[in-house]
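**Q** Starting off with a structure, shown below.
The values are calculated or read from the model by the stated rules, or taken from the named source; none is laboratory data. Small disclaimer: the values here were computed from a predicted structure and weren't measured. When we count neighbours, we look across all protein chains shown, and the Cβ atoms used for this are built from the backbone with ideal geometry, even at glycine.
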Protein chains: 4
Amino acid sequence: MTTTRFRGVIPPVITPLTAEGEVDTTTLRSVVEHLVSEGVDGVFALGSTGEVAYLDDAQRDVVVRTVVTAVAGRVPVLVGAIDTTSGRVAQAARRAAEAGADAIVATAPLYAINDLAEIERHFRAVAAATELPLFAYDIPVRVRTKLPADLLVRLGTDGVLAGVKDSSGDDVGFRRLVAANVAAGRPLAVLTGHEVVVDGMLLLGADGVVPGLGNVDPGGYARLWQAAQAGDWTRAREEQDRIAALFEIVFQAQGRSGDASGVGAFKTAMHHLGLIPGATMAFPVEPLDDATAARIAAIVDATMPARV
Amino acid sequence: MTTTRFRGVIPPVITPLTAEGEVDTTTLRSVVEHLVSEGVDGVFALGSTGEVAYLDDAQRDVVVRTVVTAVAGRVPVLVGAIDTTSGRVAQAARRAAEAGADAIVATAPLYAINDLAEIERHFRAVAAATELPLFAYDIPVRVRTKLPADLLVRLGTDGVLAGVKDSSGDDVGFRRLVAANVAAGRPLAVLTGHEVVVDGMLLLGADGVVPGLGNVDPGGYARLWQAAQAGDWTRAREEQDRIAALFEIVFQAQGRSGDASGVGAFKTAMHHLGLIPGATMAFPVEPLDDATAARIAAIVDATMPARV
Amino acid sequence: MTTTRFRGVIPPVITPLTAEGEVDTTTLRSVVEHLVSEGVDGVFALGSTGEVAYLDDAQRDVVVRTVVTAVAGRVPVLVGAIDTTSGRVAQAARRAAEAGADAIVATAPLYAINDLAEIERHFRAVAAATELPLFAYDIPVRVRTKLPADLLVRLGTDGVLAGVKDSSGDDVGFRRLVAANVAAGRPLAVLTGHEVVVDGMLLLGADGVVPGLGNVDPGGYARLWQAAQAGDWTRAREEQDRIAALFEIVFQAQGRSGDASGVGAFKTAMHHLGLIPGATMAFPVEPLDDATAARIAAIVDATMPARV
Amino acid sequence: MTTTRFRGVIPPVITPLTAEGEVDTTTLRSVVEHLVSEGVDGVFALGSTGEVAYLDDAQRDVVVRTVVTAVAGRVPVLVGAIDTTSGRVAQAARRAAEAGADAIVATAPLYAINDLAEIERHFRAVAAATELPLFAYDIPVRVRTKLPADLLVRLGTDGVLAGVKDSSGDDVGFRRLVAANVAAGRPLAVLTGHEVVVDGMLLLGADGVVPGLGNVDPGGYARLWQAAQAGDWTRAREEQDRIAALFEIVFQAQGRSGDASGVGAFKTAMHHLGLIPGATMAFPVEPLDDATAARIAAIVDATMPARV
């Protein structure tokens, strides 16, 4: 089964930044080490949580090489190839491959206004650009397009896609994707990107999760995954409940943008936990204010008691 | 606990229509009898699946009186009070109460463009219009507004709302609502309206489900609910998988409207199963064509084997 | 030409309310008298600006009878028949006809999820419900559906529709509608609902305007229309520029709902001008606060100098 | 007045492609020559119509250098700097400046989810990246964000923005932008991107138009502009009516994507007119089929009679 390596907990790694906005490679290495030591099954560099849209090509290369080196083969490294359309995404995929990625993650085209036939050709071209497995990243809130289950499973059956990261928030669509994938012989690794419904999604057949919050609490997600693997759904749900309470950190920054509230909360919590030396966000996003950071710290302390 | 009566499987009952478009009360009675005999825990009349938007006040009254009579007190009867804003919704609620409803279900205002403070006053006014428990119906695809968890739980704590029917498709929002409700002492009965993720939603704490597909296979949902109540999540998931395969009936009517595809599929399947004498839809919706009906029948036969 | 009567300036009349929320018929009569005396070419009762969604059937009847009596045949009275679907809208249309309406204005179905074939049948059924001319009201922000130009012109050619009130904000679509209507022999009276682009829309061929702001400054719109009719586009534009500055009143209520900001601003300005005794909004909408009312008054004073 | 150079008709130049998908520089030169000889007031390279999202950096450089050389200083050359966020957009702007651009055109961030404060910093950073004037490109259908008038005018007053290309389709917003710009002393050149409402937009004060259709009929837009400049609004409207009939070419490709239907129609019409040797679109967009091309040719022949 080609998808075997890409299951379980695969956090989208944050990109620690220096005060000047450059990639803090030392901290990035330690973040990766923390994730692996806590038991994650893979890491996803250059995702939305990794602030990929804000990094130039040179910075992106630094991130991938740093993560690959730090992981040292212990788990697979997925890398986002985020750009407007096929030719540019293919170039990004080749750069990621040269830097040591184990798999590529790509969305439908950005900015362009394409139909499903064009999107299918897009994924076929991106897959052909490297030897690596390709994951489709379904995130309509950023890309506008919802990828339909039948397209995804057909591309899986044809060997174009190795998996899907679903961040669509469409629970009916996710269940239909899982079911269609099973009916087709499981060509795809189907991963949910939603942090707080992992127990239910694993119950209905998801192959894993790509939780931004996994940067903050990788051990919690590892325990949730293990409970689910053991069929202990009550324990899975209890772990998920605790994690869901922790996830409230992303709703603390009232009146700020989605990226500031979400990634900013993850970085702020990691700073509070001593995992990173500061919560600098990529320009033009400013860090969260002190009052918000204090609310986030209180939530972390209340929901990750083992760390207090 | 005031919400005890409103949990488990509560299908939104279809409204059988004669060829002339009038309410077929004889068939409606038999549909209700079938639901109750198959073990549902309540019925919801005049929901979207009941084509409430297409019925005039007199027809609505007939539906409620027929359902109440047929149920004969064996399970609670929830009734939709669907109209544009507070005054009109309150009138509809009072009519439903006079006709014997056990609870009212209302959405945020339609057509009007209101903010959350106005929506809160709206629900308070509707609740005050009758003595009955009030459920908020969260269905942005029809109403445009997503009801936030904190508003719902506050209205629950204040005794305004007895529960929520969530048809928003926002899985993160649903988990947050369940968690906030638990934290507040469970003032609300939190019901999911999504047919194919019931196992996962029950696992994470939903109090029940309002499945349109429950008109077609009430017994399946009853078994799913019982398995979940027993903590047998593997069996719950197996039942859900079968039901999810049955749900594919709503995707068969290519190129038709949402109401034609969805409610039309339920009626077509019920006709195939001999539960109703015809699949007439309310004007201006035409019934599904023969080829679509044949595909739906094949799906029913393949996924409800006990009936063959 | 059947559309002759329905052109020029046709304001959607506000519904003055007493402090108790009932229709203030005395003030409504004087508002209508003011509009007619300032030179409007028609009035539109029970539109969005008339808070139609908030009024029950009895209140709606009072509004129509009051407006019809006050107008006394001097200009045509259009009346909104706003409800969820065909049967209910047809009932509302018949009530309006009995109360003396000269034309009916109806939207696509609300709440229901219909396709274009269903919407076409809907308009045909509503048109058949009375002898009166029917206008389609295209307002996607409230109804979700955008009515396509080819459907509208076909219904015009078939004698189903007498006109269109376009509040879609889709300027390309509006130009295409005007052009298709001209090509079909002008079966439709095409009216724009946007207050601040009337000069440009009249230049490109609109037959008139339905401006909520016309409640505040009917004379200004009458002058704009007359300048356009005379082909004096420079004067039309100057009048429009002044009116556009006045329209800033709707952007003063920061953080309030669309209905509060818009209709609330019209009522507040009319109160300031002494046209109505108070700016009460329909429940659950609260009036604008004093600071907002002061800003609105200042804008009125600065842009309607003749009244100071 | 710093904006003087950027007014009138400024078409977004298509990018002719060889059968292999490379930039056809010979044809691009002749397209530019045709535009300038027909009287346009500027050209905009690397816009949406120029398929910018589909071109890699090397191809983009070729386009800019070719256009700059072909224009030879006769009119200004605006160049799109389209990428995800500030750092990447600044890099694209610097490359465009080195290749000879006279002005930069940039959108709000793509893929990123930013608030208005972040978008404001974004535009300030992009402006600071080169010495060139910067235009904000407001195109929510591709970028999701609607740029508010007060932000744009403030950035104009601060010398950050030299102008705005409005492709938002929000006619009320456009009028408010024009009015706010006038009130601020006209710091911005306000250009509409909508091909069929140019007469009305010029009447209400637009400084120019960026029409994709201007690739097909630059002379028509030049005549429309001259009529408007002369205050001959009847003639402007007649020219616009003819152009609007020509614009129907973009609605011929039923069931194809927005980019295929729009840019594909422009290229197909230009091929029919002998302006380009083929209508190849950038991968993954396929050219329009023969039946669609025939319908487009017929519309061109019917509405550009001088060319027949």
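**Q** Suppose we filter segment C:164-203 for residues that are facing chain D (nearest Cβ under 9 Å) and among the aliphatic types (A, V, I, L, M); how many remain?
**A** 10
**Q** Now a separate question. Cβ-Cβ distance below 7 Å, separation of 6 or more or different chains: which pairs start in segment B:258-284 with a residue that is within 10 Å of chain C (Cβ to nearest Cβ) and end on one that is outside any loop (DSSP other than H, G, I, E, B) and among the β-branched types (Val, Ile, Thr)?
**A** Once the first residue is within 10 Å of chain C (Cβ to nearest Cβ) and sits in segment B:258-284, its partners that are outside any loop (DSSP other than H, G, I, E, B) and among the β-branched types (Val, Ile, Thr) give B:Ser261/B:Val250; B:Gly262/B:Val250; B:Met281/B:Val263.
**Q** Quick check on D:Ala90: is it surrounded by fewer than 24 Cβ atoms within 10 Å (Cβ to Cβ), within 14 Å of chain A (Cβ to nearest Cβ), among the hydrophobic types (A, V, I, L, M, F, W, C) and under 20 Å from D:Ala162 (Cα atoms)?
**A** yes
**Q** Also, quick follow-up: More than 19 Å from D:Phe247 (Cβ to Cβ) and out of contact with any helix residue (DSSP H, G or I) (no Cβ under 6 Å at 6 or more places or on another chain): is that true of C:Ala112 in this structure?
**A** In short, no.
Yes/no matrix, rows are residues, columns are (1) more than 20 Å from A:Val67 (Cβ to Cβ); (2) at pLDDT 95 or above; (3) more than 18 Å from the chain's Cα centre (by Cα):
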{"site": "A:Ala96", "(1), (2), (3)": "no, yes, no"}
{"site": "A:Ala101", "(1), (2), (3)": "no, yes, no"}
{"site": "A:Pro109", "(1), (2), (3)": "yes, yes, yes"}
{"site": "A:Asp115", "(1), (2), (3)": "yes, yes, yes"}
{"site": "A:His122", "(1), (2), (3)": "yes, yes, yes"}
{"site": "A:Ala129", "(1), (2), (3)": "yes, yes, yes"}
{"site": "A:Thr157", "(1), (2), (3)": "yes, yes, yes"}
{"site": "A:Val164", "(1), (2), (3)": "yes, yes, no"}
{"site": "A:Asp170", "(1), (2), (3)": "yes, no, no"}
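**Q** Take the conditions at pLDDT 95 or above, more than 18 Å from C:Phe266 (Cα to Cα), touching a strand residue (DSSP E or B) at 6+ places or on another chain (Cβ under 6 Å) and among the aromatic types (Phe, Trp, Tyr) and apply them to C:Trp233. Does it pass?
**A** Criteria not met by C:Trp233.
**Q** Then there is this: Restricting segment C:96-129 to residues that are surrounded by fewer than 20 Cβ atoms within 10 Å (Cβ to Cβ) and in contact with a strand residue (DSSP E or B) (Cβ under 9 Å, 6 or more places away or on another chain), which is farthest from B:Leu288 (Cα to Cα)?
**A** C:Gly100
**Q** Free of Cβ contacts under 8 Å to residues at least 60 places away in the same chain and closer than 21 Å to C:Leu35 by Cβ: does that describe C:Ala230? Break it down into steps so the answer makes sense when it comes.
**A** Details: free of Cβ contacts under 8 Å to residues at least 60 places away in the same chain: yes; closer than 21 Å to C:Leu35 by Cβ: no.
Against the criterion (free of Cβ contacts under 8 Å to residues at least 60 places away in the same chain and closer than 21 Å to C:Leu35 by Cβ), C:Ala230 does not qualify.
**Q** Looking at segment D:16-115, what helices (runs of 4 or more DSSP H) fall wholly within it and have at least 3 residues that are closer than 21 Å to A:Ala58 by Cα and touching a residue at least 12 places away in the same chain (Cβ under 8 Å)? Quick ask: steps written out before the conclusion?
**A** Details: elements: D:25-37, D:57-71, D:86-98.
Because the criterion is at least 3 residues that are closer than 21 Å to A:Ala58 by Cα and touching a residue at least 12 places away in the same chain (Cβ under 8 Å), the helices (runs of 4 or more DSSP H) in segment D:16-115 that meet it are D:57-71, D:86-98.
**Q** Another question, then. Every residue in segment C:204-242 that is within 9 Å of chain D (Cβ to nearest Cβ) and of a type outside the set (Phe, Trp, Tyr), please.
**A** Listed by number, the residues that qualify are C:Leu204, C:Gly205, C:Gly231, C:Thr234, C:Ala236, C:Arg237, C:Gln240, C:Asp241.
**Q** Looking at B:Arg5, is it charged (D, E, K, R) and part of a helix (DSSP H, G or I)? Break it down into steps so the answer makes sense when it comes.
**A** On the way: charged (D, E, K, R): yes; part of a helix (DSSP H, G or I): no.
Spelling it out, it is not the case that B:Arg5 is charged (D, E, K, R) and part of a helix (DSSP H, G or I).
**Q** Can you tell me how many residues in segment B:116-158 are in contact (Cβ under 8 Å) with a residue 60 or more places away in the chain, in a loop (DSSP other than H, G, I, E, B) and within 11 Å of chain C (Cβ to nearest Cβ)?
**A** Count: 1.
**Q** Take C:Gln252 and decide whether it is touching a Ser or Thr at 6+ places or on another chain (Cβ under 6 Å) and free of Cβ contacts under 8 Å to residues at least 60 places away in the same chain.
**A** yes
**Q** Let me spell it out: the conditions are (1) of a type outside the set (Phe, Trp, Tyr); (2) closer than 23 Å to A:Val143 by Cα; (3) modelled with pLDDT under 95, and A:Leu204 meets all of them except one. Which number is the exception?
**A** (2)
**Q** For residues that are at pLDDT below 95 and of a type outside the set (A, V, I, L, M, F, W, C), scanning just segment D:288-308, find the one that is surrounded by the fewest Cβ atoms within 10 Å (Cβ to Cβ).
**A** Ranking the qualifying residues of segment D:288-308, first place goes to D:Pro305.
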